[in-house]
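These notes concern the structure reproduced below.
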Amino acid sequence: MSRRAFRSRAATSLALGALLTAPLVLAQPAAATGQYDVTALRFTVPAGDRTCTVDADLYRPAGADHDHRAPAVLATNGFGGSKDDGSTSAIGRAFAQRGYVTLVYSGLGFGKSGCLVSLDDPRIDGQAASALVDFLAGTRTADDGTRADYVTLDAAGDPRVGMIGGSYGGAIQLATASVDHRVDALVPMITWHDLAYSLDPNNAVGAGDVPGVFKWQWTNGFYLIGESQPLTQPALDPSRFNSLTCLHFTTQACETVRTLNSGRYPADATRRLLSYAHSVSPVSYLDKVKAPTLLIQGQADSLFNLNEATATYRTLKAQGTETKMIWQSWGHSGGLTDPASGELNMSEGNLETSYVGRRILAWFDRYLHGRTTTDTGPDFAYYRDWIDDPDHTYATADQVPALNRTLYLSGDAELVDDRSKVARGSRSYTNWLIPTSHSESSLAGVIGLPDPAPRDTKGTYLAWTSEPLEQSMDVVGAPQATLKVVSPKAERTQRSSDAADKLVLFAKLYDVAPDGTQTLVHRLVAPVRVPDVTRRFTVSLPGIVHRWEQGHRLRFVIAASDDAYAGNRGIKQVTVVSAPGDTGVLRLPVVPDAHD
């Protein structure tokens, strides 16, 4: 797919910052007057073991006063952005025009706000945001004495407030709601569930404490943005400086990046890495989130894939938190192209005329205006890029589809639909000391550079290909593969105390056209650090929404490397043996053709 969300920054660091806030350029004329005033404010707020200054803009709709109160919206920027970037300030305009009191602020460590970058830690960033909720409640003033006494209250000190934002501005919502139950509605977009998985993913199901495979391009891109703040924000607040070895992040964040870049996973360092990454991620505090949550995640996203939103969705649903989820077309990946026709368009602000935009409006109408008859839509909806009619691109369901179709890995490189068709045989590949497969250049689209087509080098991967499909096949969800590999060297090295010696491989799905052209679906791969090569293991591939057209073939690949990730330590041969009674399987969540 080539249709993606609009991005609008030129310089590399600014471009990536804008990318992470892009979901919320929602400017649109209000149904009423659309008039509002904007006031620049500063706040001194508690944040962990220190106080921080927060730079904010208050958007006050015309007519909002003590006797005519309005619900509020709180929002902040994506990573590398600020309240002043186009996408973040547009949140203030969009919702003020629709009658919401809107407070937009620069997150800690960004823009003109103080303190270190602490990765949306609920104990720091969440506490700071909670102090801004105090302001909206009328119980705290800005540093200049400004008081907001015109926000709708549910009780004394309890404002009617929702939050909305993308990526870094998405996780902060969950962090804030976990420490402040006054927040009434959340709309987190394209954000993470667990940073340990986001930056160092291991797609082996039940891998436990076995670390993943370092996503070095995305991780170092963010790290450089954070550490290069003086280039984009001269005369930084002194509280923004940590040390010469860790300029603008918290010390634990820098240690995590250094551990990942070392290429080593010694036990103690790995435990610290996983512990810190979990602690600043929703995975560790979702049990405290009670606010109704509308999750919006992008299909084109190799940074925070659909599996992350699905994990958050299932956790919130299981604990009884009102939650719904939308899989839109665009996420962090793909570059500077326009969104698909009918999708929420960041440059046009088509909030009322796009499916996702209407769902956002309905969510706030229900939970901020308290209109209990408002229909907030189905539990699950997903964009389909093979539908040309923009009014019917979304299909809906009451849950994420289950795995319901099984294919078998045959010894003759075929992908067959019946175990009896499996041919006996074995095939092998060997990794090189340099990457030999390419899925994407993670930052290429962000900075406007072309990205070469995905490729795999002969002898360094194995593929299984189906017969041409007799009818189209729609896959919605995360496929799973169960594998057994033979690798004597990996079996020896996995006994090392350093988990980096375990075998690494990458699983992925291609769509092969009748002319032989193959497309790596959304350029997504499933990195795996195999917990134990002597045992069968299951891989959860990234979630997708994709149609294999009639006459196309499905190709399942395991590759030795991928140049967007770290790889194997040393050269290891891998063999896959197939027999009718003992072979690998691929399971797919296939749905019938829907016409919603």
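The values are calculated or read from the model by the stated rules, or taken from the named source; none is laboratory data. This structure is a prediction, so every number in the text was calculated from the model and none was measured. All Cβ positions, even for glycine, are placed from backbone atoms using ideal geometry, and neighbour counts span all protein chains on display.
Details
- When Val422, Val485, Val446, Val476 are screened for being assigned by TED's automatic domain parsing to the domain that holds Asp562, under 25 Å from Gly342 (Cα atoms) and modelled with pLDDT of 95 or more, only Val476 passes.
- Residue within the stretch 475-483 that is surrounded by 19 or more Cβ atoms within 10 Å (Cβ to Cβ), outside any loop (DSSP other than H, G, I, E, B), β-branched (Val, Ile, Thr) and out of contact with any helix residue (DSSP H, G or I) (no Cβ under 7 Å at 6 or more places or on another chain) present: yes
- Ile326 meets the conditions (1) surrounded by 18 or more Cβ atoms within 10 Å (Cβ to Cβ); (2) hydrophobic (A, V, I, L, M, F, W, C); (3) touching a residue at least 40 places away in the same chain (Cβ under 8 Å); (4) part of a loop (DSSP other than H, G, I, E, B) in every case but one. The failed one is (4).
- Some residue of the stretch 395-418 being among the hydroxyl-bearing types (Ser, Thr, Tyr) and under 22 Å from the mean Cα position of the chain (by Cα): yes
- Number of positions in the stretch 542-595 that are of a type in the set (Gly, Ala, Ser) and surrounded by fewer than 19 Cβ atoms within 10 Å (Cβ to Cβ): 5
- Some residue of the stretch 515-525 being touching a helix residue (DSSP H, G or I) at 6+ places or on another chain (Cβ under 8 Å) and of a type outside the set (D, E, K, R): no
- Any hit, the stretch 295-305, residues being within 17 Å of Ala196 (Cβ to Cβ), aliphatic (A, V, I, L, M) and part of a helix (DSSP H, G or I): no
- Test result for Tyr429, assigned to a strand (DSSP E or B) and in the same structural domain as Glu549 (by TED's automatic domain parsing): yes
- Filter result for Phe249 (over 30 Å from Met325 (Cα atoms), of a type in the set (Phe, Trp, Tyr) and not assigned by TED's automatic domain parsing to the domain that holds Val504): yes
- The residues in the stretch 218-255 that are crowded, with 20+ Cβ neighbours inside 10 Å, among the polar types (S, T, N, Q) and more than 19 Å from the chain's Cα centre (by Cα) can be counted, and the count is 2.
- Residues in the stretch 58-78 that are part of a strand (DSSP E or B) and farther than 13 Å from Phe95 by Cα: Asp65, His68, Thr76.
- Among the residues of the stretch 543-556, at least one is under 29 Å from the mean Cα position of the chain (by Cα), closer than 25 Å to Thr219 by Cβ and not hydroxyl-bearing (Ser, Thr, Tyr).
- Residue check for Ala185: assigned to a strand (DSSP E or B) and more than 14 Å from the chain's Cα centre (by Cα): yes
- A single entry from Asp456, Asp451, Asp398 fulfils the requirement of being modelled with pLDDT under 95 and surrounded by 15 or more Cβ atoms within 10 Å (Cβ to Cβ): Asp451.
- Some residue of the stretch 105-128 being of a type outside the set (Lys, Arg) and farther than 23 Å from Gly226 by Cβ: no
- Some residue of the stretch 115-132 being in contact with an Asp or Glu (Cβ under 7 Å, 6 or more places away or on another chain), among the hydroxyl-bearing types (Ser, Thr, Tyr) and assigned to a loop (DSSP other than H, G, I, E, B): yes
- Residues that are under 23 Å from Thr44 (Cβ atoms) and surrounded by 16 or more Cβ atoms within 10 Å (Cβ to Cβ) within the stretch 142-157 comprise Ala142, Ala148, Tyr150, Val151, listed in sequence order.
- Residue match in the stretch 195-217 (condition: part of a helix (DSSP H, G or I), of a type in the set (Lys, Arg) and either buried (at least 23 other Cβ atoms within 10 Å of the Cβ) or touching a residue at least 24 places away in the same chain (Cβ under 8 Å) (or both)): no
- Failed condition for Lys290, given (1) surrounded by fewer than 23 Cβ atoms within 10 Å (Cβ to Cβ); (2) part of a helix (DSSP H, G or I); (3) in the same structural domain as Gly169 (by TED's automatic domain parsing); (4) charged (D, E, K, R): (2)
- If the condition is being under 23 Å from the mean Cα position of the chain (by Cα) and among the hydrophobic types (A, V, I, L, M, F, W, C), then the stretch 454-498 contributes Val475, Val476, Ala478, Ala481.
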